[in-house]
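Here the structure is laid out as structure tokens; the discussion comes afterwards.
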Amino acid sequence: MSYKKFFPYFKNTNAVYLDNGATTQKTQSVIDAEIAYYTHYCANTHRSNFGDANTATIAYEDARKYLQKFINAKDSSEIIFTKGVTESINFIASSFAKKFKTIIISSLEHHSNIVPFHMQGRTLGNGLEVVGYKDNFAFDYEEFETILQKNPNSFVSVTHISNAFGTINDIKKICELAHKYDSYVMIDGAQSLAHKKIDVQELDCDFFTVSGHKSFAPTGVGAVYIKQSLLNEVEPYQTGGATIKSVTYNTSTLLDSPYKFEAGTQNIAGVIGFGKALEFIDEIGYEKIEKQEYRLYEYLHNELKKIKEVEFYNTTKDSIANKSFNIKGLLHDDVGILLDKQKIAIRVGHHCTMPIMEKLGIKGTIRVSLAFYNDFDDIDKFIVALKKAIKMLKD
């Protein structure tokens, strides 16, 4: 079965799209939901009580309830809508994590999970600790526990799936170790929701962040799950309209979660579209999604192995979707330009993971990132184009 039929993008281009780690395409149902909001009941939420405003509010809150059940949160009050993972991480970093003496991250973090802590004046060994990796970019749990032993009651912020290399961290194990030493855990789930079922209660994480646009939903919308027991400990990231219970010139009283964390007019259409994207994932089912993606991922890796010039940095073990590599003797930027000329959409560069690239002694990689709507023909076309690019650059 071809899943591309659900995505209008593929009806309007002859490009091979392999940049899903950056953003995914949107289903017709998501697009229709956004259009319906803007053309049939465009009104602000949680404020007015006329018909269209009520319709908008209900649709917005229905999306929250759907996401709550989708990731198995206990209550809808644990779901806070944001612009995406970047805002979610910045929100928790400045509203909760700032009070901890030590922040612990991993070697594979995106800049959005590093820079917010630099903004707090933290540097390596001075309020910031980094867990190393073993072979194949495996998270070093022994080193992690050693860091925790020296720094109990810390804040841990780690990625679930590496956006550069596709490495999957064992989040449940990370949470168990962190909680053993009275530490809290936030998960960067930017690359998770499109590929794997998330159960925040089973993982027992304290915070879990997601981006809609990497999961077939609109851009500019995401969410952060906050464990219910922590809702009163997290400070609002910003304040204003829709967060207030009462205001005088002397004092302000905020509403309960989630509303006290969602100041101003939200991306209403985006949130509604997000809900439709989650419905679509449910309709397809993660079992089919994972089966398709693992088949594609293995096929991609095996076809790349046949090209002698390809230099890998990890295998397919404990990884999914994102495959980074280089071509010996060639600049990844040059390869990317020639692939683009052949209508192959991939990403080259450091993928906002400069520290790990520096540790590897490289400036960046060629990254192919898959989604379940890709097929073997996409990979075959990419391989043909890659071989042609290599030949052109070497001749």
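The values are calculated or read from the model by the stated rules, or taken from the named source; none is laboratory data. Here the structure is a predicted model, which means the values were calculated and not measured. Every residue, glycine as well, gets a Cβ built from its backbone with ideal geometry; the counts of neighbours run over all protein chains shown.
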- Item | Matching residues, segment 98-134, being under 15 Å from K173 (Cβ atoms) and either modelled with pLDDT under 95 or surrounded by 14 or more Cβ atoms within 10 Å (Cβ to Cβ) (or both) | I104, S106, V131, Y133
- Item | F137 closer than 28 Å to Y373 by Cα and either buried (at least 23 other Cβ atoms within 10 Å of the Cβ) or modelled with pLDDT of 95 or more (or both) | yes
- Do we find a residue being of a type outside the set (F, W, Y), touching a Cys at 6+ places or on another chain (Cβ under 8 Å) and crowded, with 17+ Cβ neighbours inside 10 Å anywhere in segment 142-163? yes
- Query: Restricting attention to segment 300-320, which residues are outside any loop (DSSP other than H, G, I, E, B), more than 19 Å from I362 (Cβ to Cβ) and more than 24 Å from the chain's Cα centre (by Cα)?
  - Reply: N302, E303, K305
- Exception for L254 within (1) within 23 Å of the chain's Cα centre (by Cα); (2) surrounded by 14 or more Cβ atoms within 10 Å (Cβ to Cβ) falls at (1)
- Message: So, restricting to strands (runs of 3 or more DSSP E) that lie completely within segment 173-275, which ones have at least 1 residues that are touching a Gly at 6+ places or on another chain (Cβ under 8 Å)?
- Response: 207-211, 222-226
- Boolean, Q191 is touching a strand residue (DSSP E or B) at 6+ places or on another chain (Cβ under 9 Å) and outside the structural domain of A321 (by TED's automatic domain parsing): yes
- Over segment 287-310, the set of residues among the hydrophobic types (A, V, I, L, M, F, W, C) and either closer than 20 Å to I161 by Cβ or touching a residue at least 24 places away in the same chain (Cβ under 8 Å) (or both) is I289, L296, L300, L304, I307
- Query: Filter segment 164-177 for residues that are hydrophobic (A, V, I, L, M, F, W, C) and farther than 12 Å from I105 by Cβ; which is surrounded by the fewest Cβ atoms within 10 Å (Cβ to Cβ)?
  - Reply: L177
- Item | F382 being surrounded by 16 or more Cβ atoms within 10 Å (Cβ to Cβ) and modelled with pLDDT of 95 or more | yes
- Task: Answer yes or no: is there a residue in segment 267-285 that is more than 26 Å from N113 (Cα to Cα), without any contact (Cβ under 8 Å) to a residue 12 or more places away in the chain and out of contact with any His (no Cβ under 9 Å at 6 or more places or on another chain).
- Result: yes
- Query: Which residues, counting only those in segment 39-53, are closer than 21 Å to F81 by Cα and out of contact with any helix residue (DSSP H, G or I) (no Cβ under 9 Å at 6 or more places or on another chain)?
  - Reply: A53
- Could you say whether any residue in segment 336-345 is under 26 Å from S215 (Cα atoms) and of a type in the set (K, R)? yes
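So which of A242, A277 ends up being among the small types (G, A, S) and at pLDDT 95 or above?
Details: A242 fails: at pLDDT 95 or above.
After ruling out the rest, the residue left standing is A277.
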- Query: Under the condition of being within 30 Å of Y373 (Cβ to Cβ) and β-branched (V, I, T), which residue from segment 22-56 is surrounded by the most Cβ atoms within 10 Å (Cβ to Cβ)?
  - Reply: V30
- Please find, among D378, D334, the residue that is among the acidic types (D, E), touching a strand residue (DSSP E or B) at 6+ places or on another chain (Cβ under 8 Å) and outside any strand (DSSP E or B). D378
- Considering K323, K276, K288, which residue is closer than 30 Å to T39 by Cβ, under 25 Å from the mean Cα position of the chain (by Cα) and of a type outside the set (S, T, N, Q)? K276
- Within segment 214-237, track down each residue that is surrounded by fewer than 23 Cβ atoms within 10 Å (Cβ to Cβ) and either under 16 Å from G270 (Cβ atoms) or in contact with a helix residue (DSSP H, G or I) (Cβ under 6 Å, 6 or more places away or on another chain) (or both). P218, T219, G220, Q228, V234, E235, P236, Y237
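Run down F165, F207 and say which single residue is aromatic (F, W, Y), in contact with a strand residue (DSSP E or B) (Cβ under 6 Å, 6 or more places away or on another chain) and farther than 19 Å from K65 by Cα.
F165
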- Message: Given the criteria more than 30 Å from Q28 (Cβ to Cβ) and crowded, with 17+ Cβ neighbours inside 10 Å, does H332 qualify?
- Response: yes
